[in-house]
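*Asks:* One structure, pasted below without further comment.
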Amino acid sequence: MKIAIASGKGGTGKTTVAVNLALSLEDVQLFDCDVEEPNCHLFFGFDLEKVENVNIAVPVVDKNKCDFCGKCSEFCQYNAIAVLPKKIMVFPALCHGCGGCTLVCPQGAISEENRCIGIIEKNKEDAGNLVFYRGLLNIGEPMASPVIHALQKHIDIKKTAIIDAPPGTACPVIASIGDMDYCILVTESTPFGFHDLKLAVDVVRNLRIPFGVIINRSDIGDKKVEQYCIEEGIPVLMKIANDRNIARLYSEGIPFVSKMPEWKEIFVQMFEMIRSVINEEVKV
Amino acid sequence: MKQLTVISGKGGTGKTTITAAFASLAENAVIADCDVDAADMHLILKPEILDTFEFTGLKVAEIDQSLCIKCGICRDACRFDSISSEIMIDPYECEGCGVCEYVCPEGAIRMVERKAGEAYSSTTRFGPMAHARLGIGEEASGKLVTLVRYNAKKLAERYGKEIIIIDGPPGTGCSVIASITGVDMVLVVTEPTLSGIHDLERVVEVAGYFKIPAVVCINKYDINEENSQRIESYCKDKGIEVVGKLPYDDIPTKAMMEEKTVTEYSDGEFSSGVKSLWENVKDGLSEHARKRVGDLPIVHNP
Ligand code: SF4
Ligand code: SF4
């Protein structure tokens, strides 16, 4: 069972929910798919170790074979190859690794080499009931999606997997939540939170993923998010009040369920509810 | 013309609140909302749209099922796992590379344009604004950012504005890179939490990678003063100036509820903090812009 935690707006408490939910459950995998700014590990004591590199196959041109016909650059949708009358240039950072240029080159002048754009890591020491993986996009690299795809290959579908998705609604979000069984959208009841929640709802509805909402810092702002959820028939899974204690623990990198164990039960109940929704979906 | 990008790495640090306040404080600026996949600035600035530009991102493959013989050659060739075993294209996964169209022996696949969003040139009560709306799950957010920046530059030329203030997206990937390349300075808005610090360090590295000077503002500095000190000593080590520290306050939320910038809404401590932050940022920007050689490049990104 795969559950993603997402939010249109950043900073609404996505990571907090992902980490605390994972710590409330037995035998669970946690994946930090916010590969541009992964933060989950800050809440755990363990060290990380590298599992693999994430590579993109980029073209290498054999200058002796290339006759500057320009077919490769014509084909490339990402302007990653430029051909001048007597010169050919590859821009590896722009290349998506589609392999098209290699296919179309009439001279067979193009081969491919791997370029590392990020890494996958997991917890080094045993972390009890938890298996943790994260992806990390290298600094200066534009494309997050390949790292997210590589990370999700480590999901063990026999287990419960919690996925901390990146903020927003663009391609890295789709890469993260695309084939989830359920999506929890974390928001706050401010105009920005509300606006971005509606965008996120559009995304999950388009992907046809069952979803519910957690309202964080539920006592600031107004009641618009809650009203909206009622009108739209969206379940409000949990409300977390603006608690100084929780904010303090967050700032220090301490998961609040470890200091406020009464919350574990609340997370477990939410999880059970989600599980029954997923089982219903499977039956239908 | 000078360009400033406000970024944060992590979302929710108050970046947009601060950028919107800058809009009301700057007398000769164009505002560019480059946080294109969760654009919020318009909720405060209430732009009146002057021009709309259709934005087509990458193409998407379309299969003519009446021609398809289900040979699966396209599926094997697609490096993005976008073609299912029933030979259907997943439009969200398709990166529009065109390889399937090229390899299909039956000519059953066509690459079609897809509308990926809209960009707008607008006016607000504080001056011109460039912004956009990205379609759901779109690939080309970096390209849309580049288009917004292009529109902002045109607006600045048209209205004779001196500064472009860019609200950047969270993260470190393509849209962030497109938001900061070629600007004179970035302002990183952070908060004293472990996540805030971690993300600050990553975006400072990104700025460094593209050789763009950075300054830092610590928002909500008083929620954890120890962490704030860590940020200050980190900045000192890196030779980065901390240009402002703002207290935790409910003013930003209250102002947001009334669709006002913080400085419009109140004259209190938070607002005066934002005002002196803006003065410092302006000074830094002028200094860095003086050092710049040549014209502002607008860099094209994937
Ligand atoms: S592999 Fe694809 S994206 Fe990369 S240079 Fe070749 S055609 Fe362009
Ligand atoms: S255009 Fe490229 S990414 Fe899209 S389905 Fe065809 S081969 Fe795959």
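The values are calculated or read from the model by the stated rules, or taken from the named source; none is laboratory data. Given the structure is predicted, the values throughout are model-derived calculations rather than measurements. In this analysis, Cβ positions are derived from the backbone assuming ideal geometry, glycine residues included, and neighbour counts consider all displayed protein chains. These area figures cover heavy atoms from the full protein model, side chains too; ligands, DNA and RNA do not enter into them. Shrake-Rupley method; radii C 1.70, N 1.55, O 1.52, S 1.80 Å.
*Asks:* Residue under question is B:L45, and the condition is that it be open to solvent by 10 Å² or more (accessible area, probe 1.4 Å) and more than 16 Å from ligand 2 (Cβ to nearest atom); does it hold?
*Replies:* No, not satisfied.
*Asks:* Sticking with this structure for a sec: With within 16 Å of ligand 1 (Cβ to nearest atom) and either among the charged types (D, E, K, R) or modelled with pLDDT of 95 or more (or both) as the only criterion, which of B:R79, B:R75 stands out?
*Replies:* B:R79
*Asks:* Here is a list of conditions, (1) surrounded by 19 or more Cβ atoms within 10 Å (Cβ to Cβ); (2) away from ligand 1 (no atom under 16 Å from the Cβ); (3) within 14 Å of chain A (Cβ to nearest Cβ), and B:T124 meets all of them except one; can you say which number that is?
*Replies:* (3)
*Asks:* Limited to the stretch A:131-176, what total is found for residues that are open to solvent by 10 Å² or more (accessible area, probe 1.4 Å), away from chain B (no Cβ under 11 Å) and assigned to a strand (DSSP E or B)?
*Replies:* Number of matching residues: 4.
*Asks:* Now, a different point. Report yes if some residue within the stretch A:193-214 is within 29 Å of A:I148 (Cα to Cα), open to solvent by 40 Å² or more (accessible area, probe 1.4 Å), in contact with a Cys (Cβ under 6 Å, 6 or more places away or on another chain) and in contact (Cβ under 8 Å) with a residue 12 or more places away in the chain; otherwise report no.
*Replies:* No: zero hits.
*Asks:* Go through the stretch B:64-78 and report how many residues are open to solvent by 80 Å² or more (accessible area, probe 1.4 Å), over 13 Å from B:V103 (Cα atoms) and within 14 Å of ligand 2 (Cβ to nearest atom).
*Replies:* 0
*Asks:* Buried (at least 19 other Cβ atoms within 10 Å of the Cβ) and either at pLDDT below 95 or in the same structural domain as B:E264 (by TED's automatic domain parsing) (or both): does that describe B:C34?
*Replies:* yes
*Asks:* Is it the case that some residue within the stretch A:107-114 is facing chain B (nearest Cβ under 10 Å) and either away from ligand 1 (no atom under 12 Å from the Cβ) or surrounded by 19 or more Cβ atoms within 10 Å (Cβ to Cβ) (or both)?
*Replies:* No.
*Asks:* Now for a different question. Which members of the stretch B:79-100 meet the condition of being without any contact (Cβ under 8 Å) to a residue 40 or more places away in the chain, more than 6 Å from ligand 2 (Cβ to nearest atom) and out of contact with any Ser or Thr (no Cβ under 6 Å at 6 or more places or on another chain)?
*Replies:* Correct list: B:R79, B:D81, B:S84, B:S85, B:E86, B:I87, B:M88, B:P91.
*Asks:* Scan the stretch B:206-251 for residues that are within 9 Å of another protein chain (Cβ to nearest Cβ) and either surrounded by fewer than 15 Cβ atoms within 10 Å (Cβ to Cβ) or touching a Gly at 6+ places or on another chain (Cβ under 6 Å) (or both) and jot them down.
*Replies:* Answer for the stretch B:206-251, where residues must be within 9 Å of another protein chain (Cβ to nearest Cβ) and either surrounded by fewer than 15 Cβ atoms within 10 Å (Cβ to Cβ) or touching a Gly at 6+ places or on another chain (Cβ under 6 Å) (or both): B:Y209, B:E226, B:D250.
*Asks:* Kindly indicate the residue of the stretch B:138-154 that is surrounded by fewer than 24 Cβ atoms within 10 Å (Cβ to Cβ) and either out of contact with any Leu (no Cβ under 9 Å at 6 or more places or on another chain) or not in a helix (DSSP H, G or I) (or both) and also nearest to the other protein chains (Cβ to nearest Cβ) among those meeting that condition.
*Replies:* Only one residue tops the list, namely B:E138.
*Asks:* Right, next: I'd like the residue in the stretch A:85-100 that is open to solvent by less than 20 Å² (accessible area, probe 1.4 Å) and of a type outside the set (G, A, S) and, out of all such residues, is farthest from the other protein chains (Cβ to nearest Cβ).
*Replies:* Out of the qualifying residues, it is A:I88.
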